[in-house]
Structure formats: structure tokens, C-alpha cells
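In what follows, a single structure is set out as C-alpha cells and then discussed.
The values are calculated or read from the model by the stated rules, or taken from the named source; none is laboratory data. Keep in mind it's a predicted model, so treat the numbers as computed, not measured. Using ideal geometry, Cβ is built from the backbone for each residue, glycine included, and neighbour counts are taken over all protein chains shown. SASA here: full protein model, heavy atoms, side chains in, ligands and nucleic acids out. Shrake-Rupley method; radii C 1.70, N 1.55, O 1.52, S 1.80 Å.
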Amino acid sequence: MTTAPHVTAAAPVPAQSTYQSRVAEYWNIEENPVNLELGKIDDLYHHHYGIGTADDSVLDEPDPTRRHERITAELHRLEQAQAELLAARLGPLSPTDRVFDAGCGRGGGSVVAHSRYGCQADGVTISAKQADFANTQARKRGIEDKVRYHHRNMLDTGLPTGAFAASWNNESTMYVELELLFAEHARLLRRGGRYVVITGCYNDAYGRASREVSLINAHYICDIHPRSAYFRAMARNRLVPVHVEDLTEAALPYWELRSKADGLVTGIEDTFLTAYKNGSFQYLLIAADRV
Ligand code: GPP
Ligand code: MG
């Protein structure tokens, strides 16, 4: 007697969900002057906001061209301060250490970490355009052997297990499920490694997501998590917070200045200011140890 071979066709699994493809599309065509003009000042291209006291005298500059240059430089200085604050929490690190930049954008954060510690960095972005841009920048700096960018999904990086001394998300967690994200960070980090996130989260004490939080979600095609979700998902993935800092107050001067920066505004500025001021939205840094 013969039996028919039992063939079970595996259900096709998309490498990237429709949502992820839409997000990639956004970043593949994104060319906001607020990102490109700030970045080209010193070839450090950031996709996050700024913190700290702003020098408002730039607004009083009488010459229009000079005024625009000074506002651009001041916004960049505040964004750079944010990147340095995050990088300072990653260490101590040595040149033999590897770090992982989840949602690396045009690459500025990895360059900041490498410049500070001499460490090797791997950045991952879902946008092929951003990965190409960032690798071109690394080549221009002559650090392409130390700082590499990959067009990959931060939830499934293919990078080696336990190989990283530190990792971070700088304003990129709102694009992914936190449980999946932190499982990947916990896999990549060595025991005792450091994870740092800076993020906008909605405030559980306010209630649910406010109108402003929903507008921010629609603007960037993201899904801002509540503050509680971070701590729950970290606890379930071997990430133990060692430092938590509310940066909401420190974020206001950047948004006040950006809202007056003709030619750089994107239209989301007043929404951020309202969301921070009405208490529905918080700008948070969490540093955690991988145990
Ligand atoms: C800024 O990137 C960050 C995001 C798009 C993620 C959303 C962040 C939250 C805190 C909700 P960007 O620098 O590309 O934005 P923009 O073009 O507005 O400067
Ligand atoms: Mg920006």
C-alpha cells in the first residue's frame, strides 16, 4: 500500500508587515529641513528633539539670513545635548565594546556614541534610504569600519546574541511592540549590559491617550505607549531600570524655539507644547541593566 506524501505548505510569513512598510515609506521620502539643515551644520543627522535652556537671543537677530542660521544652530545644539545625555548613560565603554542603535535614522546617535567611547556601533533602520545615507556619512568620516548601519527590522536584527555592551532607542520605540523590542535588546546585550531609552510616552496618571497624543501618532504614523508599558515590558525581559528621568520640562525650550523657526516648522510644534503642558504626555529617559 502506498500513502500519499503528506505535504504541509508553510503559511507565508511577511518579512515586514503592511504597517512597517508604511513607516519605511515615510522615512524613505522624509526630507524635513528641520532634520537636514540642522544635520548639515556638522554632519550629525539626528531624528530626535532637543533638551535644555535655549538661547532666545537668536530670535532678536535683526539680519534675516543670520537669524535663520542662528536659530538652526541653536536647535541643533539642543538636539546634540539630548544625544549626549543618552550617550553618557551608556558607559563606561571601551573601544573593543559594541553598541546597538535601534531605529538609528540617519545615524547621528551612533556617531556620538563612537566619538565618546571609541566603541563599535551597529545601527538598524527599517528605511533603506536612511541606512544608505548613514553609511555614506560614516565613510565620509572614515569610521565605516567602526560604525555600520543596516537596513533591518529592529525586532529581528540578525545581529549576534550577547555581543553588545550597550544598546538604545532614541525616540523609536513608538513604532514597535515593546515586548518584542525588549526581548531583542535582552538577546543582544551581554549580562550586565546597559539599555537606554529616550521616548515620548503618554501619562497613565492623565488617563488614556489625549487628543494631542493622538495627533502626534497620526503625524508620524506611530503608536505612543503609556509610561507603565515600558516598565512592565522591561521587567518581563530581564531589563532592570537603574535610572529614570522625566525630561518633559527640559524639552519645552526646544519646542518653544522650534515653533518660531520660520522655514523649519513642520506643523506639530504647538501639539507637542500643549501635550507636555496639559500633562498628558511625558518625555522620559530610562536606563536599565540587562540581568
Ligand atoms: C523625531 O524624529 C521622532 C519621531 C519621528 C518619533 C516620534 C517621537 C515622539 C517622542 C512621539 P524627527 O527628527 O524626524 O522629527 P521631525 O521631522 O519632526 O523633526
Ligand atoms: Mg527632527
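Pairing each residue of region 15-36 that is under 18 Å from CYS104 (Cβ atoms) and of a type in the set (S, T, N, Q) with any residue that is within 14 Å of ligand 1 (Cβ to nearest atom) and part of a helix (DSSP H, G or I), provided the two are 6+ apart or on different chains, yields C-beta distances under 7 Å for ASN28/LYS129. Only a single item in (1) outside any loop (DSSP other than H, G, I, E, B); (2) surrounded by 21 or more Cβ atoms within 10 Å (Cβ to Cβ) is not met by GLY50, and it is number (1). Tell me, yes or no, whether region 9-24 has at least one residue that is within 16 Å of ligand 1 (Cβ to nearest atom), open to solvent by less than 50 Å² (accessible area, probe 1.4 Å), at pLDDT 95 or above and among the charged types (D, E, K, R). No: region 9-24 contains no residue that is within 16 Å of ligand 1 (Cβ to nearest atom), open to solvent by less than 50 Å² (accessible area, probe 1.4 Å), at pLDDT 95 or above and among the charged types (D, E, K, R). Kindly establish whether GLY123 is open to solvent by 10 Å² or more (accessible area, probe 1.4 Å), assigned to a strand (DSSP E or B) and closer than 30 Å to THR248 by Cα. Criteria not met by GLY123.
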